[in-house]
Every structure is written in C-alpha cells, then in structure tokens.
1. Within region 433-482, restricting attention to residues that are more than 60 Å from the chain's Cα centre (by Cα) and acidic (Asp, Glu), which residue is surrounded by the most Cβ atoms within 10 Å (Cβ to Cβ)?
2. Of these, Gly23, Gly74, Gly49, Gly94, which one is at positive phi and assigned by TED's automatic domain parsing to the domain that holds Ala643?
3. Residue by residue through region 459-474, note down the ones that are within 30 Å of Val328 (Cβ to Cβ) and either without any contact (Cβ under 8 Å) to a residue 24 or more places away in the chain or among the basic types (Lys, Arg) (or both).
4. One residue is enough: does region 105-116 have a residue meeting the conditions among the charged types (D, E, K, R) and either crowded, with 24+ Cβ neighbours inside 10 Å or not in a helix (DSSP H, G or I) (or both)?
5. Being of a type in the set (Gly, Ala, Ser) and touching a strand residue (DSSP E or B) at 6+ places or on another chain (Cβ under 6 Å) is the filter; apply it to region 491-515 and report the residue that is farthest from Pro229 (Cα to Cα).
6. Find all pairs meeting these conditions: Cβ atoms under 7 angstrom apart; at least six residues apart or on different chains; first residue within region 60-74 and within 14 Å of Arg653 (Cα to Cα); second residue at pLDDT 80 or above and part of a loop (DSSP other than H, G, I, E, B).
7. Of all residues in region 528-543 being closer than 29 Å to Ala230 by Cα and not aliphatic (A, V, I, L, M), which is surrounded by the most Cβ atoms within 10 Å (Cβ to Cβ)?
8. Does Leu309 satisfy the criteria of being buried (at least 18 other Cβ atoms within 10 Å of the Cβ) and farther than 30 Å from Pro648 by Cβ?
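The values are calculated or read from the model by the stated rules, or taken from the named source; none is laboratory data. In this text the structure is predicted, and so the values were computed from the model without any measurement. Virtual Cβ from ideal backbone geometry, glycine too; neighbours counted across all protein chains shown.
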Amino acid sequence: TPYIKHSISELRFEIVISILLTGVVAWIFLRSLSSTLNVLLAIPMSLFGALAIIHALGWTLNLFTLLALGLAVGIVVDDAILVLESIVRRREAGDDKATAASRGTKSIAFAALAASIAVVAIIVPVVFMRGVIGQFFLQFGVALSLAVMLSYIEAVTLAPARCAQFLTVGHRGGRFGGLVDGALNWIARVYDRCLNVTLRHPWLTTLAATLLFAASLYAVVLLPREQVPAQEQSRLRINFQTAVGSDIHETDALIRKAETLVDARPEVARMYSITGGFGGQGANGGLMFLTLVPPEQRDFSQQELIGELRRELNAIPGLRALPQDPSVEGFGGGGKPVEFSIGGADWDGVVAAAQAAMKALEASGTAVDVDSNWRVGSPELAVEPNRARADDLGVSVTDIAKTIQTVVGGLRVAKFTTQGRRIDLRVQVLESQRDQPEDIGRLHLRTRDGTLVPASMLITSTERPTLQQITRRARERAVTITANVAEGSSQGAALAVVDTLGAALPDGLRMKLAGASQAASETGWDMLIAFGLGVLVAYMVLAAQFNSFKHPITVLMILPLALSGGLLALLIAGKTLNLFSGIGLILLMGLAKKNSIVLVDVAARRRAEGADAIQAMRDAGAERLRPILMTSIAIIAAAMPIAIGLGPGGELRAPMAIAIVGGMIVATTLSLLVVPAIYVLFEKIGRQSE
C-alpha cells in the first residue's frame, strides 16, 4: 500500500539522518576526521553484513528489519569507540602505532565483548515470542543481534588495523576544540566531586536510587496500555446495520444517504461501499471503505474524523454506523481492539449476561460502538399442543401438525404429470385467512366421534422473537461482544473493565478474550517473560565472563534505573505502553548495561593490581568517563530521528526510540554514580563476610 511504501521510505531517511548525527557526535569528541572516519566505518561494515545474512536467510527489507538497523546505528559504533579510545590512550602514553593498536585492543576486548553479548542476550528472548508477533520480531531480533556482533568483530579486527596505519594523536587546537575540552574537563571535575560523595556514602546512594525506582513505578499506572498505537494510515472502514427484517432495497436506500454525506467531506478521497451479504452480513448490513487525503491536506486527524463520522452517520434514522480504524486492529487478525465472548450452558443466562456487559462497558466511558453477534431476527409464532386435551378428544399430534402446515406452507395432497414434468398439488388456506396469528386457532379438527373443534382448544400459541443464529466458541454457546476504544481512553483501560465484568459473572458462565484483545493480553505476558529471560541470560553470560557471581549483580543494578528513565520519557511524551515501546524498554536493558560493564571491568583490573574498592572505582570513572559519554550520546543522537517520528509510521517507531532515549539519559547519568557505589558496597559486604 502507499502507506507502507511511504513508511519504509521515511525509515530509510531516518537511518541516513541517524548516521549523520552519529558522525557529528564522533567528530565533536574526537575532532579528527581520520578518527571519526575510523569510527563511522563500523556502521556500513555492520549494517551491510547484517543485510547480507538477512538476504541469505530469504528475508525481506521490511519495516521490522529496517527498524532494527535504524536503532543499531548508534549501537554498532560503541565497540569501535571503546577500542579507538583505548588505542589513543596507549598512543599518547608513548607506544608506536602498531603496539598501541595491539595493546589497546587487548585491554578493552573483554569489556567490549561482554557489552555486546549482554545486548544480544537481552534481545534473544524476543525472538521466541509466540504467534504472529513472534514472526515479526524474529526478524527484528536477529537483524539487531547480527549488527551488534558484527560491530564487535569489526572493532577488534579491522579498526585496530586501520589505527595501526593511519591514527594520529596530539593536540587539536582551535576555538571549538578549546570549548569542547573545557566542557569535558568541567564535567570531569564535577563528576569527580560527585563520585567521591557517593563512594563515601554507598548505602545512602543505593537507598536514594531505590526510592527513585519505586517512585517511577507509578508511571506504569499512569501510562495508557494498548497493543499498537493508532496510525495515520488515511484508511477507514465503516460497518452499517439497519433494522432487522429490512430487505436489500431498504438497506441500500439508507446506505446511499450515508454515501451522500460521506462524499461531501473534503477529507475523503475515494469511497467504495457494499450493501448486504459481504463478510457474513445479511440483507440488513453494509460496508464502506474510505481512502482519505494525506494528513497535511486535512483539518481533522484520522481519529477526529472517525468521531465526526460516527456522530453524523448515526443521525440518519434507521441506520447504525460503526466506524473502524484498521490501524488499531493490531496483530490479532482483524476485528475491533476490544473483543471478548461470554459463554456457558445456560443460553438465556448467556444472553442476559452479554446484554448487561454491553451496557456496563458502554457506561464505563472506555469503549464506544459496543456491538455483539447476538441478533434478534423476525418474530416467530411458537405453537405448543395440549397433549392431554388432544388425547381426551382423540386428536393426534400428527393431525394438529398437518392442519397447521396447511396454513403455513400448504399440504401436498397429490401429484400430476404434464409434458414430462411432475408437479405437486398443495392445499393451502386463502391468504386472507392466514395473515394473523389468531387465524391458526380458528381452524377446526375432527375428534374421535367426528365432532369439529377449533384448534384454539388444542394448542397454545406464543409470538416471540427469534435469533438469526446461535453462535458457539470453544464448543459451547457464546455471545461475542466487540467495541472500539473511546476517545481519551485506551485499550488497556477497556480490557480492565472487561476483566472486572468477567469476574462478576454468575456461576456457570465464562468470559474469554478474543481477537485483538486476546493478542494484547498474550503480548503483555510474552513481554514480561522475555524481559525476565533476558535479564537471566544476561546474568549468566556476565557471570561466566567475569568469573564472579557478584560483579554481574553490580552491572545489572542499573537496569531498574534505566527502566525508570524509559517509563518517565514515555509518560512525558504522551505515549502509551504498547508492543513497540515494550521492545524499546527491553532493548534499553541491554544498552544500559554497557556502561556498567566498562566501569566494573576497569575496577576489577585495578583491584587485581592491589587498589582498594574506592580507589579502583575512582580510577575506573576517570578513565571511562569520556568513552561512556561518547557512546551514550551517540546512541541517543542516532535514536532521535526515530523518536521524533514525523513521517508515516512514526506512531509505531517513536515509542520504541523515546524509551531508549529517556532510559539512556537516566542510565548514563546514574550508572556513573550508582554503579560505583554499589560496587563499593558489595566489596564491603564481601570483606565483612570473610
């Protein structure tokens, strides 16, 4: 569709902008074209390598693979920055180019490997998500993991080789260079003072970080929840319903009125409507597909236009209009964002509970266009024989049935053949004698002794509505209820009301989510499982690399604080907690650990050389402050074009990038202070236990 083409084109443009911004960040910190080029070469090596493997796997360049590569732009330069900074440090210490490249790479290779594997470890569980969602994010996770690991291979092989040949070091003057150096020196002095305070009071620092995380959890309550956010796709669908029993001509006349009203809207570019029979609808149903003009040519957003059409179309007497935004159907296979069924053995109880649930859901203010598949059709006349009286009078039930059949459908009494055709002869009372329900009772039947008695003495007739169909789900009778999310509410709020209604159902009745609602519920649990597995896998990987059970805990303690930053960023930006922002939070967990790993790695080496815990962390902070700032700002800069999300499809991409940007800002700031304090605290506890 044009929307998908424009979305992919916009994402490609955002990737280019991300690469340029990453280059600007690298040049500001390095102020050397050769060094900046050395770092930026990690991007094509990683991305093109990942693309080659994706092509070999038979995958396409789609929204998810491009999104993974776009987010990878700021990540893949991390290892190159760490290696380059280590080589420059050795070069400034007096080593020649080849020696500096060799020793510098060896000194940082372990930390870079641990950081890269930590990112991959947190992403891998996403690959194993269930259902259609898992199929989409399989390609996302694999593409991102490939880019990250290829960036590490490039950083420890090709980058040192380039440094051994072309790296130049020395003073980089100029007014801009002086400003950058002055700013970095000022940051280093302020950081040193703050670090000294946190290292002297590790318990207080840890308590403050814990309170910050606990307070930020309130953002989870405030954040609206949904599976996927609404998007400006410039497409709408409207379902129509007319009165039960309406024929195709009556329905068509009402839908033509709707067509006239919709066609007068300047926001509508094209319209296609269907009357009756489409998608399982009867003669009293219809469907309309709308294509809107581009958003920049409209005075209304897509969601605002839906509200306007809902109000105007439902003002047409005899017509019910149910507008639907296809973008919020999510990965549940179509349907409305709120869908559930109420089932049980007691059909009357099921219907009563479904009607009560529909009223309660609409009254909650979280849902609109509440509808169900329980349809009352035309009325029927139920005739029940009085068997005892018929037996007393000697009238069989068969005779009663045949008599009534004579009225309703006629009774076949003979056949005759003419011109090779056999034709049934039917006897039926005159139409004027069978157009009222009371006419059945006026018929007469002959008793055992030959007396004629009226049928009203032998039968009881009741006029009642009948169902068009009785639906089943999971092999039991059930009524399915659907609804759209009300303006100002969210899918999560509507489903919370549904859960409350389900808990209050009488015994013998059950509520089950279906469609997009079921997919949203399963997605939430899958995300939690993926997050837990990611942290567990990351701990095992770090424990194996550090050969310690203690250091991985120190590294992972930054994760709650990074999560706090991501949640607060989503809340401030007015975004929702959805599938894409959830993936962003999971990816954030992998990125936030990288700074902690670098600090703990240097501190562990200083401890092995004989320094105490406080001095070891002071040395680690002073040595790794600059590369940590550079890598973190590069990640934030690369994610900013995606976080802004101005083009088509930005509603999907922006929450993921916003979570990463907010989380990295908080994680970078606090990892430089909180992680050293926790490291010192664990060292003190370890000495006391010994």
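1. Asp439
2. On the way: Gly23 fails: at positive phi; Gly74 fails: at positive phi; Gly49 fails: at positive phi.
So the residue among Gly23, Gly74, Gly49, Gly94 that is at positive phi and assigned by TED's automatic domain parsing to the domain that holds Ala643 is Gly94.
3. Of everything in region 459-474, those that are within 30 Å of Val328 (Cβ to Cβ) and either without any contact (Cβ under 8 Å) to a residue 24 or more places away in the chain or among the basic types (Lys, Arg) (or both) turn out to be Arg472, Arg473.
4. First, the residues of region 105-116 that are among the charged types (D, E, K, R): 106.
Of the ones still in play, those that are also either crowded, with 24+ Cβ neighbours inside 10 Å or not in a helix (DSSP H, G or I) (or both) are none.
Scanning region 105-116 turns up no residue that is among the charged types (D, E, K, R) and either crowded, with 24+ Cβ neighbours inside 10 Å or not in a helix (DSSP H, G or I) (or both).
5. Of everything passing the filter in region 491-515, Gly508 is farthest from Pro229 (Cα to Cα).
6. Thr65/Trp59
7. Gly534
8. No.
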